[in-house]
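Accompanying notes for the structure given below.
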Amino acid sequence: MARFVSLAAAVEECIRDGDTVSFEGFTHLIPFAAGHETIRQGRKRLTLVRMTPDLIYDQMIGMGCAEKLVFSWGGNPGVGSLHRLRDAVENGWPGPLALEEHSHAAMANAYEAGAANLPFAILRGYLGVDLPKVNPNIRSVTCPFTGEVLAAVPALRPDVGVIHAQRADREGNVLLEGITGVQKEAVLASKRSIVTVEEVVDDLGVASPNAVVLPGWTITCIAAVPGGAHPSYAHGHYPRDNAAYIAWDKIARERDTFLAWMKEHVLERGPDAFAVHARRAA
Amino acid sequence: MQATLAATAYTSNEMMIVAAARALRNEDVCFVGIGAPSAACNLARLTHAPGITLIYESGTIATRPNVLPLSIGDGELCETALTTVPVPEMFRYWLQGGRITVGFLGGAQIDRFANLNTTVVGDYAKPKVRLPGGGGAPEIATNCGEIFIIMAQSQRAFMKDLRFVTSMGHGRTGRERRDLGVKTKGPTRLITDLCVFEPDPDTAEMTVTSIHPGVTRERIQENTGWPVRYGAAVGETPEPTADELAVLREIQERTRRAHGG
């Protein structure tokens, strides 16, 4: 059953050095506050899993939390490169970073396979491309019914899944609305999970019986961190801070400006710093 | 006022987006890449193809954004969509399920068979430039009915030899799609800031079939890393109309204001 704890306590309990950790959120509801707390607690040698490692993983990689990245698209959406990711891959700074690179379709299927307790995922993909030559985890399987050769990738089974959601009720049930990406799959595929939420309420206010709700017994820890997805967004609360994404390009380009920004905005702050971004759309 | 201005002057980038938008049909179901593809697809929706279904890989189906999204999952896309599905469902039921007629892609590098590289420049293990990677493109390229590509031309982008193929066009020899049993058409249009390429019916090499106004064959060759071939009939791309330019500039202006960048 989910326990309500502080974000610091949740990270302390759930994420250990050397873990495979998935911070998910497809552009929307990205758990930035949880990423920052992980950086503050100095976690090392993490294998970071995420379809779209955007600024959150740029920051964690640049601060030396990661030794491996499993991903399918690593850029600053609509802006350009992730300069810290590039510096790690191209120059080994602040340390070498191993890559396991997939396509989106393969990652999404691999999360689903993990949630479904299957050993691998199949898809009609990777045809005529070079990724299988550099990623030995992209293999193939022959359909026993038709003989069609399909791509196969291992299921994703992270030690920890970390997501942000709009709200939890007092029993620890969590509601996600809007673009829900692979967050449900990431939590169900993981051994432990942390969910940060905009607010804790008496009634989730579910508008449809088909809403995306994670029952409290599927979650390890919940921490209320209003604004905790900034500069990504929380549907119904605050919009994506596109200006912050554009500004990140300049901040992250050089190691010095990056480290200075991280010191001021992450190392010397706490989860409460996110509260200024929290609001409820009218 | 914008319409008056539009009738007299336009940029090569505007010509590219307008030419790309015209390639889309009202009945298309289009998987939209971010950036120039998104501009072209929304221009089509706001001009000649109001019934087009635009799908972004974040899960938004039949979205009608009022400003162009910066990311593939801006809130605007979800708020204006008919429905939003989870990402695994998007790739399984909708893309792999064969429900998309056109995939609209951009890229960093392309070769004469319209294979794309968005992964690395240089050696994969020790790259000169680490690019973002393939994202949805490898499966978009083979699961959509056909592919349109929009890219500005330069020697650096239009490469004689692609060292890394992120998503397949017609393959390294032009025969790979057939050899691999891929039933979809692959890249049928490559729209650039200078011209439009289409695959040769026999060899599948991308050949120029339409040249934008004022562009010479010399200029096309100067900005292409392989010897450019021309189709049997080469036309001139009609200039952007005042209406097309006005609609494009309005949505780009709304976008600039909304992103505040």
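The values are calculated or read from the model by the stated rules, or taken from the named source; none is laboratory data. Note that the structure is predicted; figures quoted are calculated from it, not measured. With ideal geometry, Cβ positions are generated from the backbone for all residues, glycine too; neighbour counts draw on all protein chains shown. SASA here: full protein model, heavy atoms, side chains in, ligands and nucleic acids out. Shrake-Rupley method; radii C 1.70, N 1.55, O 1.52, S 1.80 Å.
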Expressed as a whole-number percentage, the relative contact order of chain B with C-alpha contacts under 8 angstrom and at least six residues apart is 20 percent
Sorted by chain and number, the residues with a modelled amide H under 5 Å from that of A:ALA66, at a separation of 5 or more or across chains, are A:ARG45, A:LEU46
Note on the stretch A:104-154: contact order normalised by length, alpha-carbon pairs under 8 Å, 6 or more apart, percent, works out to 36 percent
Among B:VAL121, B:GLY103, A:VAL197, the residue whose Cα sits farthest towards the positive end of the charge dipole of the protein assembly as shown, when +1 is placed on the Cβ of each Lys and Arg and -1 on the Cβ of each Asp and Glu, is B:VAL121
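Can you give me the % of accessible surface on the protein assembly as shown that is carbon or sulfur? Probe 1.4 Å, all protein chains present, nothing else counted. Don't jump to the answer; show the numbers that get you there.
Values: 11020 of 21060 Å².
The value for the protein assembly as shown is 52 percent carbon and sulfur by accessible area.
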For the stretch B:77-94 the residues that are at least 30 Å² less accessible with all protein chains than alone, 1.4 Å probe, are B:CYS78, B:PRO86, B:VAL87, B:PRO88, B:PHE91, B:ARG92
The alpha-carbon center of the stretch B:170-201 and that of the stretch A:132-170 are separated, in whole Å, by 29 Å
Log entry, pair A-B: total buried accessible area, probe 1.4 Å, protein chains only, in Å² rounded to 100, is 3700 Å²
With +1 at each Lys and Arg Cβ and -1 at each Asp and Glu Cβ, the charge dipole magnitude of chain A around its Cα centre, to the nearest 20 debye, comes out at 320 debye
Candidates B:HIS212, B:HIS48, B:HIS170; GNM for chain B (alpha-carbon contacts under 10 Å) flags as most fluctuating B:HIS48
One would report the antiparallel percent of DSSP beta bridges in the protein assembly as shown, rounded to the nearest 5, as 40 percent
Here the whole-number average of other chain Cβ atoms within 10 Å per Cβ of A:236-242 is 4
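What longest region of chain A stays clear of GluC sites (Glu not before Pro) that DSSP places outside H, G, I, E and B and that have at most 16 other Cβ atoms within 10 Å?
That gives A:1-147 as the longest site-free run.
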Interchain or sequence-distant (5+) residues whose placed amide H lies within less than 5 Å of the amide H of B:SER167 are B:LEU116, B:THR118
Connecting every pair of Cα atoms under 10 Å apart in chain B and solving the GNM, the largest mean-square fluctuation among B:GLU218, B:GLU57, B:GLU205 falls on B:GLU218
Counting only residues 5 or more apart in sequence or on a different chain, those whose built amide H sits under 5 Å from that of B:GLN153 are B:ASP193, B:LEU194
Residue-normalised value, i.e. accessible area per residue, for chain A at 1.4 Å probe, in Å², stands at 38 Å²
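Mind scanning A:LYS250/B:LYS160; B:LYS126/B:LYS185; A:LYS44/A:LYS191; A:LYS191/A:LYS263; A:LYS250/B:LYS126; A:LYS184/B:LYS128 and naming the pairs with a C-alpha gap bigger than 30 Å?
Details: A:LYS250/B:LYS160 33 Å; B:LYS126/B:LYS185 34 Å; A:LYS44/A:LYS191 19 Å; A:LYS191/A:LYS263 32 Å; A:LYS250/B:LYS126 24 Å; A:LYS184/B:LYS128 37 Å.
Where the Cα-Cα span goes over 30 Å, the pairs concerned are A:LYS250/B:LYS160; B:LYS126/B:LYS185; A:LYS191/A:LYS263; A:LYS184/B:LYS128.
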Once Lys and Arg are counted +1 and Asp and Glu -1 for all other residues with Cβ under 11 Å from that of B:THR207, the total becomes -2
Note on chain B, DSSP bridge orientation, antiparallel percent to nearest 5 equals 50 percent
Chain B, Gaussian network, Cα under 10 Å: of B:VAL129, B:VAL215, B:VAL18, the residue fluctuating most is B:VAL129
